[in-house]
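The values are calculated or read from the model by the stated rules, or taken from the named source; none is laboratory data. Note that this is a predicted model, so its numbers are computed, not measured. Ideal geometry is used to build each Cβ from the backbone, glycine not excepted, and the neighbour counts take in all protein chains shown. Heads up: the accessible areas ignore ligands, DNA and RNA and are worked out on the full protein's heavy atoms, side chains in. Shrake-Rupley method; radii C 1.70, N 1.55, O 1.52, S 1.80 Å.
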Amino acid sequence: MSFTLAIVGRPNVGKSTLFNRLVGRKLALVDDQPGVTRDLREGAGRLGDLRFVVIDSAGLEMAEDDSLQGRMRRLTERAVDEADICLFVIDARAGVTAADEYFADILRRRARHVVLAANKAEGRAGEAGAMEAFALGLGEPLRISAEHGEGMDDLYAVLAPLA
Ligand code: GDP
Ligand code: MG
């Protein structure tokens, strides 16, 4: 069976980099500027023998108003509602931020299933940040590196039983 996976999280944690890796081409715009992905992008994701729809969402933003940030947040909530599984990405090097905690709360209430991933954890980087992420109450964080392709077998092991 196929499923829809939404990649969510605050800007600049590496969502689009992970999307590109799962889709296998440079569809999503990756940039050093936070929040470069302005709307939802959908692609055909593959990981091992898994085939799924993957959604790259704009960074969840905390603004509640009608600003660009507010619209991005609503877009992301749409992605969460459409998804069977939300892959919630944090930056293991930055550790858990207030924004991460805010969105963890939204995901706990709104998402059907959340998989937590601590990205930018290539080599031994980000071990402390990944440990911190336990406190989000979303289970054991997967340590991954979207850029270097590390942790993809662990991601597979978590997604395969949910597919
Ligand atoms: P998004 O805003 O969440 O979509 O993040 P992007 O995918 O645009 O990435 C933001 C920045 O983080 C870019 O400079 C990426 O090259 C960098 N980045 C993404 N994944 C990794 C990773 O696994 N390790 C490291 N060190 N940097 C990463
Ligand atoms: Mg992006």
Distance between modelled label sites at Asp153 and Thr4, nm, 7 Å Cα→Cβ extension
3.2 nm
May I ask for the distance between the Cα centers of the stretch 71-98 and the stretch 108-139, given as a whole number of Å?
12 Å
Could you compute the FRET efficiency for Arg108 and Arg46, with r as their C-beta to C-beta distance and R0 at 22 Å, rounded to 0.05?
0.15
Order of exposure, largest accessible area first, which applies to Lys15, Lys120 with probe 1.4 Å
Lys120, Lys15
Over the stretch 74-133, give the accessible area per residue in Å² for a 1.4 Å probe, as an integer.
43 Å²
